[in-house]
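Working notes, structure below.
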Amino acid sequence: MKLFVVLVCVLAGCLAEKPRPCKQSCILFLQSTQNEKLWLYAKYFYDALGQKVRLTEQGNYQKKPFTYDALLLFREVTKIDDKARTCKKKPLRADFHPMEIPINSSLVGQAVLGSSSGVGQGLLVNTWTGNLSGKNYVTTFTEIGCIPVNTKYQTQEYGWVLTDFFNNVIGISDPGQLNPPDYCPTEMTANGEQSEDFTSFFFKLQ
């Protein structure tokens with residue numbers, strides 16, 4: 001079965017600061033699509049210095065359940081089946097995409113999630129909009145800490161994709177999650193489809 005994974009457009013920045021990439025993070029997110037073809041729950045490990053990304057997820061595509069585990073070591077991607085202790089490597093023709101607001105992003109505004117009537121009753125957030133790889137997005141981050149809250153990303157196949165983030169942790173307690181398991185081969189095992197960029201990779205991943 002061909003599995004589809006949607007790009008999490010993780011963008012970070014604060015209202016009063018210049019865009020800067022986040023160095024390391026571990027994020028949980030829930031994702032759903034406008035046409036209801038796909039939903040997924042995933043853990044996203046990110047290392048800017050080592051240019052590594054790990055996605056472990058479970059979800060439902062066209063009413064069929066799936067699980068997926070992929071490690072992106074630019075310039076290669078490894079599909080991992082931990083239960084069967086197998087790996088499948090193929091080339092990844094894509095540039096590393098740092099967690100930052102693109103230069104052409106525009107600030108939509110600032111708002112409070114919840115209530116501003118009392119201390120601790122609300123969360124101050126900033127919403128940004130722009131265009132990435134020809135697709136529109138709207139993304140919201142906290143004013144303090146620049147933590148992602150949600151992202152809406154426009155796609156041709158799924159319509160608008162909504163991603164809600166929670167349990168964000170700065171830093172990775174287990175860096176080994178970003179290294180291939182010891183049973184993975186060192187050579188490429190499959191050519192597969194090669195993506196033109198990081199964005200399209202997530203729509204073509206098998």
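Bear in mind these aren't lab numbers, they're just calculated from the coordinates by the rules spelled out. Please read these numbers as outputs of a predicted model, since none were measured by experiment. All Cβ positions, glycine included, derive from the backbone under ideal geometry; neighbour counts span all protein chains shown.
A few remarks follow.
- Shown here for region 63-149: GluC sites (Glu not before Pro) in loop regions (DSSP other than H, G, I, E, B) with at most 12 other Cβ atoms within 10 Å, of which there are none.
- Size of electric dipole in region 28-205: Cβ of Lys, Arg +1 and of Asp, Glu -1, about Cα centre, debye, nearest 20: 420
- Take every Cα pair under 8 Å whose residues are at least 6 apart in sequence, average their separation, divide by the length of region 106-159, and the relative contact order is 25 percent.
- Whole-Hz couplings from phi, Karplus 6.51/-1.76/1.60, listed for region 57-68; x for Gly and Pro: 8, 9, x, 9, 10, 6, 6, 10, x, 8, 10, 8
- Were the residues from LEU49 through PHE66 laid out at 0.36 nm apart, the gain over their Cα-Cα distance would be 3.1 nm.
- Take 33-43, 108-118 and order them by the average number of nearby Cβ atoms within 10 Å per residue, most first; the result is 33-43, 108-118.
- Sites ASN104 and PHE166, calculated FRET efficiency, Cβ-Cβ separation with R0 30 Å, nearest 0.05: 0.60
- For LEU28, the shell of other residues with beta-carbons less than 14 Å away shows a net charge of 0, using +1 for Lys and Arg and -1 for Asp and Glu.
- Amide H partners (placed H, <5 Å) of GLU143, local residues excluded: LEU124, VAL125, ASN126
- In the structure shown, the pairs LYS43/LYS64; LYS43/LYS83; LYS64/LYS135; LYS52/LYS89; LYS37/LYS88; LYS37/LYS152 are assessed against 22 Å; a Cα-Cα span above that value is assigned to LYS64/LYS135; LYS37/LYS88.
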